[in-house]
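Just so you know, all these numbers are worked out from the coordinates, no wet-lab data involved. In this text the structure is predicted, and so the values were computed from the model without any measurement. Cβ placement follows ideal geometry from the backbone for every residue including glycine, while neighbour counts extend to all protein chains displayed.
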Amino acid sequence: MEIIPIFETQNQALYSVKYPDHEIDEFDWLFDLWQDITYLEVFFNSNKSDLGFFDPISIEDAVMQTRSDAKELQKQILAIKDSDEKNSKFLNSHFIPLDNITYKPDELEKCKAYTSIIKKGWIRLYAIRVPENSYVITGGAIKLTRTMMERQHTQRELQKLNNCMDFLRSQGIFDEAGLKD
Amino acid sequence: MNTAEEKLKKIASKETSKWVEKAQWRVANENWLDKSAKIALTILRTIREKGLTQKDLAEKLNISPQHINKILKGNENLTLETISKFEIVLCITLMDIPSFQTTIKSVPEGLYVPPAYIKMGLPSQKLSYKEMQEPITCPVGNEDSNRKKAA
């Protein structure tokens, strides 16, 4: 497992995990995937029963909505990267703790990202926050169910979060007292 | 940055992700990428409805399955020729170009107007926006006699 920088500024940084069997990092790969119409059409065709969880929506609209949400998320992250002191934008405003864990500084947290502007959106980025302002993306998913345990592809993302936490621990990133899962 | 962040920076790869570069390219090319995605989705839904595979489509179009696969991802800058081939083979419309609707009302006497401009509007006429909205008609005469008058 490698940690690849997406961007680093003075105040914050975004990284992504790169798995040994993948050519590119997870973050880069996810945005390729969410723009890939063949992948999205097959995904929604295979998971069309889960589309009822949201308002009724056709497969065509689900594909185009996902692509559009990914484009919006992409723009927001680029804006954070390019923000300056006068116009500060922060990664912290995009990530909320996973499993509704209470936010406590200096704790290792599993976090997920979602686009705050897009309501009812289903694309998710999963990341581990390294306090205060650094995030390591471990993966992402199209989450159509209420909980991550309900589907295999979202369950797998939980496993990836845990694997990354183990890796960061093994690298001595979190050796301060008070570390919690 | 605090200690944990500094440690993270230290273990991170020296090589940066290509994401920023790719994202900026996608933003700059958003307009045609949107069209490419819609075309890809229409093709994919049509072949699913018709029970065709991408391989069948490749054979019908006489192009490689790898090329079809690339087009159907929705990130290809397609030529009009390629789009037309898909339209013919699948009997669908992927692009609809609006027809010209402008007609010329009058032309100064003695001015030769090439037939193409009769359809498209005179390039040298400076008209206000309001004037441009008014329909104009042109009594299309014999092209040769117009040319003789201009001479």
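With θ taken as phi - 60° and the Karplus curve 6.51 cos²θ - 1.76 cosθ + 1.60 applied, the whole-hertz 3J(HN,Hα) list for the stretch A:154-170 is 7, 4, 4, 5, 5, 4, 5, 4, 5, 4, 5, 4, 4, 5, 5, 4, 5 Hz, x standing for glycine and proline. Summary value for the stretch B:16-90: 37 percent relative contact order, contacts being C-alpha pairs under 8 angstrom separated by 6+ residues.
For each pair in A:LYS81/A:LYS160; B:LYS35/B:LYS73; B:LYS38/B:LYS85; A:LYS81/B:LYS18; B:LYS22/B:LYS85; B:LYS22/B:LYS73, compute the distance between the two Cα atoms and list the pairs where it is over 18 Å.
Numbers: A:LYS81/A:LYS160 25 Å; B:LYS35/B:LYS73 12 Å; B:LYS38/B:LYS85 16 Å; A:LYS81/B:LYS18 14 Å; B:LYS22/B:LYS85 30 Å; B:LYS22/B:LYS73 16 Å.
Violating the 18 Å Cα-Cα cut-off are A:LYS81/A:LYS160; B:LYS22/B:LYS85.
Distance between the 7 Å Cα→Cβ label points at A:ASN92 and B:ALA28: 3.4 nm.
Please list A:1-13, B:17-29 highest first by mean number of surrounding beta-carbon atoms within 10 Å per residue.
My ranking of the peptides, most packed first, is A:1-13, B:17-29.
Mean per-residue shielding of peptide A:36-48 is 4, counting Cβ atoms of other chains within 10 Å of each Cβ. Between B:LEU52 and B:THR79, the contour length at 0.36 nm per residue exceeds the Cα-Cα span by 7.4 nm.
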